[in-house]
Amino acid sequence: MIRKMSFIVILSILGLSLSGIGPVLAQEAEKAEVELGMSNSTELSYVLTEGNSSTDALGFKNRFRYLWPKSRYTFRVEATKTNTADDSIAVVRSDLPEGYEIIEYSKSPDVEKYLVENRYDRSITERFFWNVGLTWDRNLDAGIVSRWIGFAGVGNVWWDREDLRFNTSYGLSYTSREEEDVDPTKEDKFPGYRFNWEYLNMWGKNTTFENNWTFNGNFSDSTDWNSDMTSSISVGINSRLALRVSLQWLYNNRPALQDLDLFVLTPEGDLIQVPDEVVQQPKKKLDTIFNTSLVISF
């Protein structure tokens, strides 16, 4: 059901995004020159998460780009620190068929999520390019301690104007990951395939819509794939400052496992932990992250 809903959401966002292309094309505006050289944007954000963790947090993002006439280098860093957090435990109850139920309780704050990306794109023709890159991420609430993904591929440039940009890329990838609790049915290292798009559409002079999506799959296990989609709207305050809201969907079709501490519920309503006993359950497949940010650009 979640997989079907995610697919519907993706199609809806794509339809909404592309619906803004028609009016822009109808203007028959000449292609604007994209400014070459260095650019950098920094985001300071307040974050709300749902899924494996329901928390509020403080976030930081930075994207550095250097643009040459026929190539582009991108370096991206993201970090999120929780203010509040929750975790799950398993409670033994004799009146349940499976013998236990899962509840949540508060725990101390910790760092929730990191991402680092290096990517290089090089034009072959005006509408065709190749790219290569490496990403590293950590998402402890989703059970991912460390995940490296190297990739290389080719892509198409569909629009490349100052007010409208859209490109798609497709290629091969290699994943090396470490999860918090070992799942013997999953591979730690595997070759795979990768699909990515980047879409930007300016709605007037001060408002910008962006949608970025990355899909990474496993050649040897068709059920082992993950998806990362972010949609955002930015409103410029001046040439250096903007306000941005964004919604990110992180989906792991085969989520990591988690070891839940086992507790006994006494007739008096007290919880007593069972020593050296755990219940293993998969994490939730979908995490959603909502950001409100101040963007500083130069």
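What do you reckon, is D141 modelled with pLDDT under 95, of a type in the set (D, E) and over 18 Å from the mean Cα position of the chain (by Cα)? When the stated conditions are applied, D141 does not pass them. Would you check if L134 is open to solvent by 40 Å² or more (accessible area, probe 1.4 Å), closer than 20 Å to N196 by Cα and at pLDDT 95 or above? Yes, satisfied. Take the conditions (1) β-branched (V, I, T); (2) modelled with pLDDT under 95; (3) more than 19 Å from the chain's Cα centre (by Cα); (4) open to solvent by less than 30 Å² (accessible area, probe 1.4 Å); I289 misses just one of them, which is (3).
The values are calculated or read from the model by the stated rules, or taken from the named source; none is laboratory data. Model, not experiment: these values are computed from the prediction. To get the accessible areas, we keep the full protein, side chains included, count just its heavy atoms, and leave off ligands, DNA and RNA. Shrake-Rupley method; radii C 1.70, N 1.55, O 1.52, S 1.80 Å.
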